[in-house]
1. I'm a student and want to see the number: the projected area of the Cα convex hull of the stretch 32-77, averaged over all directions, in nm².
2. Which trypsin sites (Lys or Arg not before Pro) in the stretch 196-281 pass both tests, a DSSP loop state and at most 11 other beta-carbon atoms within 10 Å?
3. Per the Debye formula with a single identical scatterer at each Cα and no solvent contribution, what log10 I(q)/I(0) holds for the stretch 314-371 at q = 0.15, 0.19, 0.21 Å⁻¹?
4. Suppose we look only past 18 Å in the calculated P(r) of the stretch 76-226. What percent of the Cα-Cα pairs does that tail hold?
5. Within the set Lys89/Lys391; Lys116/Lys372; Lys43/Lys388; Lys43/Lys333, which residue pairs have Cα atoms separated by over 31 Å?
6. What number, rounded to the nearest 500 deg cm²/dmol, is the helix-based mean residue ellipticity at 222 nm of the chain, given -39500 (n - 2.57) per DSSP H run of at least four residues and division by all its residues?
7. Based solely on C-alpha atoms, express the radius of gyration and the Dmax of the stretch 43-133 in angstrom.
8. In whole angstrom, how far apart do the alpha carbon centroids of the stretch 117-191 and the stretch 247-308 sit?
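Computed from the coordinates by the stated procedures, all read-outs in this text should not be read as laboratory data. What you see is a predicted model; the values in this text were computed from it and never measured. Counting neighbours? That spans all protein chains shown, and the Cβs are built from the backbone with ideal geometry, glycine included.
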Amino acid sequence: MGMQDMPQYDVLILGGGPAGLSTALHLAQLAPELIPRILVLEKAHYPRPKLCAGGLLADAEVILERLGLDVSEVLHVDASAAHLDFAGKGLTISLPDTHTLRVIRRDEFDNWLAKKAQSRGVEFREGVTVRKVQPSDDCVIVETDMGTFTSRVVVGADGSNGVTRRCILPDEPVHTARVLEVITPLEAGLPSIAAAHPYDQAYFDFFCVPDGIAGYTWDFPTQVNGQLMRCWGVYDTNILADMQRPALKHPLAEEMARHGFDLDSLELKGHPIRWFSPKNRMSMPRVILAGDSVGADPIFGEGISIALGYGAFAARQIVESFTDDDFSFTQYKPRLLRSPLGQALFVRWVTTQVLYRLRWPWFQKFFWRIFKPMIAFVAQIFVINWAKRTK
Ligand SMILES: Cc1cc2nc3c(=O)[nH]c(=O)nc-3n(C[C@H](O)[C@H](O)[C@H](O)COP(=O)(O)OP(=O)(O)OC[C@H]3O[C@@H](n4cnc5c(N)ncnc54)[C@H](O)[C@@H]3O)c2cc1C
């Protein structure tokens, strides 16, 4: 390859959500000499809307702190406890002296994170849509609606419907959850219910599993333009898609009606979440995937902290690839699976297969109500807190 044919960039990051932004920030932290040769391509303009309930687990905060970032700069609402219930009763998780879940709005959070990456010197092009990703021996060619870019390494961080994965791994099986979300004011005129179900806490209810919805409904506190609101939704992994199931809207409408809300009068939005399976490929020479394009947590569709974690992991692999001048990325998946993040994702994948396939009401009650000390213990060790265990 002659000088005139040298790739324009060392690292092109396709997609500027939490996965792409975390990759950029970690690259800047680990290898500042790479900064002038990194480019993030993002199809939207910040602050851009992203359908998401915005629940951040402590793992996200640990990763951001290590980057020297304080997420409390972003408008947020804290949930003091999280309830994991079957039909209104189950396990309550609360942490001593701190919040259990911090809820942000994604337009604000992603904009904040993008500005942090820009302030550390990372170059962005907004309003550029990637159309095709084509790896070759020496570089990767990325075709967009604003011209063609070349890079030594490409990170596919373009989300659940991402074009990178479709270009490089077109035959991989797709595991996609269907998700609906709606925002409401705090109360709908049933004070007795509000008293038993304080809206400064987060609720997950698995009552829909026996009906073949392999997931849960949620109710979180949130804010929109500083005004306190509630975010409701329903998540279905789709692993029971071969059986007859009610419309996804049905359990959400039922849960909201119990609290005095009429879903039919509200604006409901949907978006898929691609979830993690250890069977899936995650890279090919010169291209690695991060975030939803590899897969979010299958149990809950929790993907923000996971995307930040993938970004940290991908950045380390990329820095090593430049040091060793080896861009095969054959070790990306095995190393990820051995990492605390990979282990947490693996345990969540196994749990998904058990929890949502054994859908008898007695099992669900047993799992969330009787088995709860065991669940809480296992979750602490294997499911959450993976960021603290990451070196
Ligand atoms: C309804 C709903 C509720 C959710 N609630 C939660 C929650 O409470 N907590 C949680 O942790 N997770 C939640 N998730 C999951 C979470 O939103 C995702 O896991 C997370 O956004 C993944 O981050 P990412 O960076 O991989 O992808 P994304 O956030 O999807 O970012 C991808 C980026 O790539 C850009 N892009 C896409 N295609 C192209 C292209 N062709 N060219 C250029 N740019 C492109 C997009 O504009 C976007 O900015 C929820 C998801 C949904 C749908």
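1. On the way: hull surface 19.8 nm².
If I average the Cα hull's projected area over directions, I get 4.9 nm².
2. On the way: sites: Arg230, Lys249, Arg258, Lys269, Arg274, Lys279, Arg281; in loops: Lys279, Arg281.
Answer by residue number: Lys279.
3. -0.60, -0.74, -0.82
4. Of all Cα-Cα pairs in the stretch 76-226, 73 percent lie more than 18 Å apart.
5. Lys89/Lys391; Lys116/Lys372; Lys43/Lys388
6. Working: 12 runs with 120 residues, N = 391.
It lands at -9000 deg cm²/dmol.
7. 16.5, 50
8. 15
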